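One structure is given below, encoded as C-alpha coordinates.
The values are calculated or read from the model by the stated rules, or taken from the named source; none is laboratory data. Not measured: the values here are computed from a predicted model. Only protein heavy atoms, including side chains, enter the accessible area calculation; ligands, DNA and RNA are left aside. Shrake-Rupley method; radii C 1.70, N 1.55, O 1.52, S 1.80 Å.
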Amino acid sequence: MASQQSHELKSQAQDATAHAQEKTEGVMSQVSQTASGAAQQATQFLQQTGEQVKSMAQGAAEAVKSTLGMNNVDSTETTSTTTTTAATTTSPAVAAGTTSPSPNTASGFAGSH
(Lines give C-alpha, C1' and ligand atoms only; values in the text may rest on other atoms or scores of the structure.)
Protein backbone atom coordinates (compact mmCIF):
# COMPACT_ATOMS: atom_id res chain seq x y z
CA MET A 1 0.00 0.00 0.00
CA ALA A 2 2.82 2.38 0.79
CA SER A 3 4.25 1.65 -2.61
CA GLN A 4 0.95 2.48 -4.28
CA GLN A 5 0.65 5.80 -2.35
CA SER A 6 4.22 6.63 -3.27
CA HIS A 7 3.48 5.88 -6.91
CA GLU A 8 0.32 8.08 -6.79
CA LEU A 9 2.21 10.97 -5.18
CA LYS A 10 4.96 10.65 -7.75
CA SER A 11 2.39 10.69 -10.57
CA GLN A 12 0.61 13.71 -9.08
CA ALA A 13 3.93 15.53 -8.73
CA GLN A 14 4.78 14.80 -12.35
CA ASP A 15 1.35 16.03 -13.48
CA ALA A 16 1.72 19.18 -11.40
CA THR A 17 5.19 19.75 -12.84
CA ALA A 18 3.93 19.28 -16.41
CA HIS A 19 0.99 21.62 -15.74
CA ALA A 20 3.32 24.25 -14.25
CA GLN A 21 5.64 23.97 -17.27
CA GLU A 22 2.70 24.43 -19.66
CA LYS A 23 1.51 27.49 -17.75
CA THR A 24 5.04 28.90 -17.66
CA GLU A 25 5.43 28.40 -21.41
CA GLY A 26 2.06 30.07 -22.04
CA VAL A 27 2.90 33.06 -19.88
CA MET A 28 6.36 33.34 -21.43
CA SER A 29 4.81 33.26 -24.90
CA GLN A 30 2.41 36.07 -23.97
CA VAL A 31 5.22 38.11 -22.45
CA SER A 32 7.34 37.55 -25.53
CA GLN A 33 4.52 38.63 -27.86
CA THR A 34 3.78 41.69 -25.76
CA ALA A 35 7.44 42.64 -25.65
CA SER A 36 7.77 42.13 -29.40
CA GLY A 37 4.72 44.32 -30.04
CA ALA A 38 6.03 46.99 -27.70
CA ALA A 39 9.41 46.90 -29.42
CA GLN A 40 7.77 47.33 -32.83
CA GLN A 41 5.70 50.25 -31.56
CA ALA A 42 8.76 51.85 -30.00
CA THR A 43 10.69 51.41 -33.25
CA GLN A 44 7.89 53.00 -35.27
CA PHE A 45 7.56 55.85 -32.78
CA LEU A 46 11.29 56.54 -32.85
CA GLN A 47 11.37 56.43 -36.65
CA GLN A 48 8.47 58.89 -36.89
CA THR A 49 10.03 61.15 -34.29
CA GLY A 50 13.36 61.02 -36.11
CA GLU A 51 11.69 61.97 -39.39
CA GLN A 52 9.90 64.88 -37.71
CA VAL A 53 13.09 66.15 -36.09
CA LYS A 54 14.97 65.81 -39.38
CA SER A 55 12.25 67.72 -41.22
CA MET A 56 12.21 70.47 -38.60
CA ALA A 57 15.99 70.78 -38.72
CA GLN A 58 15.98 71.00 -42.51
CA GLY A 59 13.27 73.67 -42.36
CA ALA A 60 15.25 75.64 -39.81
CA ALA A 61 18.42 75.36 -41.89
CA GLU A 62 16.58 76.56 -45.00
CA ALA A 63 15.11 79.48 -43.04
CA VAL A 64 18.57 80.52 -41.84
CA LYS A 65 20.01 80.17 -45.35
CA SER A 66 17.16 82.20 -46.78
CA THR A 67 17.60 84.89 -44.13
CA LEU A 68 21.32 85.11 -44.83
CA GLY A 69 20.86 84.99 -48.61
CA MET A 70 22.69 81.67 -48.90
CA ASN A 71 19.74 79.69 -50.17
CA ASN A 72 20.76 77.47 -53.10
CA VAL A 73 17.45 77.55 -54.92
CA ASP A 74 17.42 77.66 -58.75
CA SER A 75 18.99 80.69 -60.43
CA THR A 76 15.65 82.12 -61.66
CA GLU A 77 14.31 82.48 -58.15
CA THR A 78 17.61 83.93 -56.90
CA THR A 79 17.65 86.45 -59.75
CA SER A 80 14.09 87.59 -59.14
CA THR A 81 14.82 87.93 -55.43
CA THR A 82 17.91 90.01 -56.20
CA THR A 83 15.96 92.22 -58.60
CA THR A 84 13.22 92.73 -56.04
CA THR A 85 15.78 93.59 -53.39
CA ALA A 86 17.55 96.05 -55.72
CA ALA A 87 14.29 97.78 -56.61
CA THR A 88 13.36 97.98 -52.96
CA THR A 89 16.65 99.59 -51.96
CA THR A 90 16.48 102.20 -54.74
CA SER A 91 15.08 105.54 -53.64
CA PRO A 92 11.53 106.31 -54.81
CA ALA A 93 12.63 109.41 -56.72
CA VAL A 94 15.28 107.54 -58.72
CA ALA A 95 12.94 104.62 -59.39
CA ALA A 96 10.26 107.02 -60.68
CA GLY A 97 12.76 108.97 -62.78
CA THR A 98 11.83 112.26 -61.16
CA THR A 99 15.27 113.40 -60.08
CA SER A 100 16.02 117.03 -60.76
CA PRO A 101 19.35 118.78 -61.23
CA SER A 102 21.05 120.37 -58.29
CA PRO A 103 19.71 123.84 -57.55
CA ASN A 104 23.30 125.22 -57.58
CA THR A 105 23.85 124.75 -61.31
CA ALA A 106 21.91 124.05 -64.44
CA SER A 107 23.85 120.86 -65.18
CA GLY A 108 23.64 119.51 -61.66
CA PHE A 109 27.38 119.66 -61.01
CA ALA A 110 28.94 122.46 -58.99
CA GLY A 111 31.66 124.27 -60.85
CA SER A 112 30.97 122.90 -64.32
CA HIS A 113 30.51 126.36 -65.88
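The set of residues from the stretch 4-35 being among the hydrophobic types (A, V, I, L, M, F, W, C), open to solvent by 70 Å² or more (accessible area, probe 1.4 Å) and under 41 Å from the mean Cα position of the chain (by Cα) comprises Val27, Met28, Val31. The condition of being of a type outside the set (S, T, N, Q) and either outside any helix (DSSP H, G or I) or at pLDDT below 50 (or both) holds for only one of Ala38, Ala110, that being Ala110.
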